[in-house]
1. Please go through the stretch 47-71 and pick out each residue that is within 11 Å of the ligand (Cβ to nearest atom), under 30 Å from Leu8 (Cα atoms) and in contact with a Phe, Trp or Tyr (Cβ under 6 Å, 6 or more places away or on another chain).
2. Scan the stretch 68-88 and tell me whether some residue there is surrounded by 12 or more Cβ atoms within 10 Å (Cβ to Cβ), over 29 Å from Lys173 (Cα atoms), of a type in the set (Asp, Glu) and at pLDDT 95 or above.
3. Enumerate the strands (runs of 3 or more DSSP E) found wholly within the stretch 64-179, keeping only those where 2 or more residues are touching a residue at least 24 places away in the same chain (Cβ under 8 Å) and farther than 21 Å from Asn52 by Cα.
4. May I ask you to say which residue of Tyr136, Tyr140, Tyr116 is away from the ligand (no atom under 13 Å from the Cβ) and either in contact with a helix residue (DSSP H, G or I) (Cβ under 9 Å, 6 or more places away or on another chain) or of a type outside the set (A, V, I, L, M) (or both)?
Amino acid sequence: MTLENILLDCKKQLNGALNHKKHPFRYFTLASISENDTPNLRTVVLREFNANKFQLSIFTDARSKKVEELKLNQNGKFLFYDSSRLIQLILNVKMIKIIDLKNDFKALPDPSKKDYTSVLKPGTKIKSPDEVNYDYSNDYFRKIIFQTINLEYLKLKRPNHIRAFFSAEDKWKGTYLVP
Ligand SMILES: Cc1cc2nc3c(=O)[nH]c(=O)nc-3n(C[C@H](O)[C@H](O)[C@H](O)COP(=O)(O)O)c2cc1C
């Protein structure tokens, strides 16, 4: 597989994740760095992908820890894994924008509104999961946009695994790496 085709396939799969609910890249792991330099991980849903700019977006609650952390340190990492094709993608990203999605919030179905309107902020200790109250008039629905700085692709296959690295710095030309 040529480097050009590998990058094209990455973009195709990320686009596919937006349109297909069962696509393995729909859910991915986002790592950010806490104030005391420890990594934090969580699963998120891919909401937007701009293949030309290589920007990706997620939705979240403005009060979540990830927002707090990304405001202090914009560096993050994304991990995508396709268990049937045995492909791993690791993106080094920078948080570039947090957008208040006021009008988009109104269009959300009620169950989704719950994800961004708890009265107490996410992570607050409670006695029972049924104890959470919601206030739809006060939402914390945000979109975070990330810029990809570079990415590493790994496909496990016999006889030769394929590992490649692409970066904005070298205009996404890419290079193969020893797996
Ligand atoms: C399947 C799945 C999908 C999730 N999608 C999102 C998401 O798109 N955005 C989000 O903020 N949290 C999402 N979460 C919850 C996060 O993993 C995390 O628990 C939450 O955002 C709090 O993270 P933080 O305290 O590190 O900010 C998802 C969790 C699961 C299990």
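The values are calculated or read from the model by the stated rules, or taken from the named source; none is laboratory data. Computed from a predicted model, the values in this text were never measured in an experiment. Virtual Cβ from ideal backbone geometry, glycine too; neighbours counted across all protein chains shown.
1. The one that is within 11 Å of the ligand (Cβ to nearest atom), under 30 Å from Leu8 (Cα atoms) and in contact with a Phe, Trp or Tyr (Cβ under 6 Å, 6 or more places away or on another chain): Arg47.
2. The answer is yes, given that some residue of the stretch 68-88 is surrounded by 12 or more Cβ atoms within 10 Å (Cβ to Cβ), over 29 Å from Lys173 (Cα atoms), of a type in the set (Asp, Glu) and at pLDDT 95 or above.
3. Here the list reads 75-82, 87-100, 141-155, 175-177.
4. Tyr136
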